[in-house]
Amino acid sequence: MIFERKLTIPMEVKQMYPLDAASAETVRKKREEIRDVFRGKDRRIALVIGPCSADRDDSVIDYILRLSALQEQVKDKILIVPRIYTNKPRTTGDGYKGMLHQPDPEAKPDMFKGIVAIRELHLRAIRETGFVCADEMLYPENHRYLDDLLGYVAVGARSVENQQHRLTASGVDLPVGMKNPTSGDLSVMMNSITAAQHPHTFIYRGWEVHSEGNPLAHAILRGLVNKHGQSMPNYHYEDLTHLARMYGESGLKNPGVIVDTNHANSGKDPFQQIRIVKEVLASCAYSEDIRRIFRGFMIESYIEDGSQPVGGGVYGKSITDACLGWEKTERLILDMAEKL
């Protein structure tokens, strides 16, 4: 390893790019709305939706502004939480790793510029759209660069078994979704939720810290990959009733599940997300046990359908996983609201 420079600590970055009083009040109100959904106090569903990976601030803000107008139409049934995923896990380590690494996808990595870029993007979303957004906790030590701006946090399928992710999640005062691992073993996911809901003492960013436990840690079903490397879904009625039974036997607080409609659940075909949403809502309508734990969906969506390589030049089209375009997304959200 070549040590290039020591990066600015989160407290200093927050002082350089502060959250103003009006935006802080927006964050406070939106966070409480989101928490209430995962406490089961608010019967609306959460919709964590947006690009697979945030790649440029203009198209991401454009997309979220479109969601803002749509939120008003469905506000009685759906609470939209836009995805601004600024770190992108790569299965093989190759490819675009997100704005944190490369604020300009066509330039070389620059981690300090990336830290500034992701903070500014989340700040813009709060100020310009009124949303408080979601991000993935890919690197636990980086969470504090954004912890005052987020409304929802996800821990990915490749991270959910990692002890530092679990311990850090236990000290986050927000709903944290723990995905099932790529193997599909739900006991691993449930163990992760249990760990996140309990208090711990551990080392974090060079400090000895104590966490109180996060009662809003919950499950995300994202499908799995079998021993032959084939994608397999886990959003069907039988999967959801099995998870409801596991929750009933666990004694965990605030039992909840988000269904990730892309990734292995869709076989990475973003257009299957429409069908998956309809099936899950039908399962909720049929089973009170499923409806009791169901908290919403995670959907990958952007302005244009599909994906493109880095440098492809199409505005609002994903440069990582393929996404559902805006026209189909708008129709899906309106249809969803009608069925709820």
Flag for V259 being without any contact (Cβ under 8 Å) to a residue 60 or more places away in the chain, closer than 22 Å to R292 by Cβ and surrounded by 15 or more Cβ atoms within 10 Å (Cβ to Cβ): yes
Residue within region 148-170 that is in a strand (DSSP E or B), touching an Asp or Glu at 6+ places or on another chain (Cβ under 9 Å), among the polar types (S, T, N, Q) and on the phi < 0 side of the Ramachandran plot present: no
Scan of region 294-331 for residues that are out of contact with any Lys or Arg (no Cβ under 9 Å at 6 or more places or on another chain), without any contact (Cβ under 8 Å) to a residue 60 or more places away in the chain and under 30 Å from R43 (Cα atoms), ordered by number: L324, E327, K328, R331
Entirely in region 175-262, the strands (runs of 3 or more DSSP E) that have 1 or more residues that are more than 30 Å from L324 (Cα to Cα): 200-204, 207-211
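Matching residues to (1) part of a helix (DSSP H, G or I); (2) aliphatic (A, V, I, L, M); (3) at pLDDT 95 or above:
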position	(1), (2), (3)
D269	no, no, yes
R275	yes, no, yes
L281	yes, yes, yes
I290	yes, yes, yes
I303	no, yes, yes
Y315	no, no, yes
E330	yes, no, yes
L334	yes, yes, yes
Residue match in region 190-204 (condition: surrounded by 24 or more Cβ atoms within 10 Å (Cβ to Cβ) and touching an Asp or Glu at 6+ places or on another chain (Cβ under 9 Å)): yes
Out of P103, P109, P82, sole residue that is within 26 Å of A322 (Cβ to Cβ), at pLDDT below 95 and buried (at least 23 other Cβ atoms within 10 Å of the Cβ): P103
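To keep it simple, each residue is scored yes or no on (1) assigned to a loop (DSSP other than H, G, I, E, B); (2) surrounded by fewer than 13 Cβ atoms within 10 Å (Cβ to Cβ).
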| site | (1), (2) |
| --- | --- |
| M1 | yes, yes |
| T8 | yes, no |
| K14 | no, no |
| L19 | yes, no |
| E25 | no, yes |
| R35 | no, no |
| A46 | no, no |
| S53 | yes, no |
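The values are calculated or read from the model by the stated rules, or taken from the named source; none is laboratory data. All figures in this text were calculated on a predicted structure; none of them were measured in a lab. Methodologically, a virtual Cβ is constructed for each residue, glycine included, from the backbone with ideal geometry; neighbour enumeration extends over all protein chains shown.
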